[in-house]
Amino acid sequence: MHRSALVVLLSQALAAWAKTPDGFEPASNVDLIVAYSGQPALNGVNLLKSTTAKQPTFGTAEPLTGKSYAIIMVDIDIPTNNPPNTGTFLHWAQTDLTPQTTTSNVGDKAIHTFSTNAQAIADYKGPSPPAREPLTHRYVTILVDTSDITPEGTSALQALSQRGGVQVNDVLTQAGLANKVVAGNFFTVTNGQ
C-alpha cells in the first residue's frame with residue numbers, strides 16, 4: 001500500500017518537473033521562457049489566440065554556452081479522423097540563433113535571449129485551433145543546441161518545412177540532435193477564446 005502511494009507521488013513530482021508535456025519527445029526539464037507581449041506562456045498556461053498571433057520573445061534563465069541554436073514550436077493536438085488520436089502541425093522552426101550577451105526582461109525576470117539574421121525553415125504561424133475536438137491544443141516549444149551539427153544534420157532539419165504531421169523527435173534524431181534539447185515548455189490555446 002505504501003509503495004503504490006510512493007509511486008503515485010513520484011510520478012506526480014516528475015510530471016511537475018517536466019517542462020514539456022507528458023509523453024512529448026524529446027523532453028526537457030529546463031524552462032524555455034516564452035512570452036507574448038510580456039505575458040509568460042509557461043507550464044501549460046492557457047492563452048488567448050489573439051495574444052499568440054505574433055512571434056514571441058524567448059530565452060533562458062541562465063546563459064547558454066553553445067554557439068548556435070534552433071527553436072521549434074509544434075501543436076501536438078491536431079484533430080484527426082480517428083479520435084482521440086491526434087496529429088501534429090509545425091508552427092515555427094528557426095535555426096542559426098546565437099545567444100546574446102545582454103538580457104531582456106519578461107515581467108520581473110531577466111532572460112538570456114537569442115538573435116538571428118537567417119531565414120526561418122518555417123516562419124512563425126500563430127496558434128489557431130479549429131472548432132473540432134480537442135478544442136484546447138498544446139503548443140510545445142523547444143530550444144536545441146545545434147553548435148555541432150553536421151551538413152547532413154542541417155539537411156535533415158529541412159524536413160521541418162513540411163508543417164503537417166511533422167514528427168519532431170524523428171527529425172531531430174535524423175539530424176543527430178535528439179539529445180541536444182536544452183530547454184522546452186508548452187502553453188495551450190482553446191478554440192473560441
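By how many nm would the segment from residue 158 to residue 191 grow when fully extended, if each residue of separation counts as 0.36 nm and the alpha-carbon distance is taken off? Could you put the intermediate results ahead of the total?
Details: separation 33, 0.36 × 33 = 11.88 nm, distance 2.98 nm.
Here the segment from residue 158 to residue 191 would lengthen by 8.9 nm.
Rounded to the nearest 0.05, what FRET efficiency is calculated for residue 135 and residue 62 with R0 set to 45 Å and r the Cβ-Cβ distance?
With R0 = 45 Å, the Cβ-Cβ based efficiency is 0.80.
Counted by Cβ distance under 13 Å from residue 111, the other residues give a net charge of -2, where Lys and Arg count +1 and Asp and Glu count -1.
Rounded to the nearest 0.05, the FRET efficiency derived from the C-beta distance between residue 54 and residue 30 at R0 = 35 Å is 0.90. Each of residue 170 and residue 81 was given a label point 7 Å from its Cα along the Cα-to-Cβ line. The distance between the two points is 1.9 nm. When Rg and the Kirkwood radius Rh are both evaluated on Cα atoms of region 47-193, their ratio Rg/Rh stands at 0.98. Among residues other than residue 30 with Cβ under 10 Å from its Cβ, the summed charge is -1 (Lys and Arg +1, Asp and Glu -1).
Net charge around residue 91, counting only other residues with Cβ within less than 11 Å of its Cβ (Lys, Arg = +1; Asp, Glu = -1)?
The answer is 0.
Of the listed pairs 19/109; 67/180; 19/180; 49/125, which have alpha-carbon separations greater than 22 Å here? Those over the limit do not exist; all pairs fall within it.
Coordinate-derived values only; no laboratory data. Quantities reported herein were computed from a predicted structural model and do not represent experimental measurements. Note that we place each Cβ from the backbone using ideal geometry, even for glycine, and neighbour counts take in every protein chain shown.
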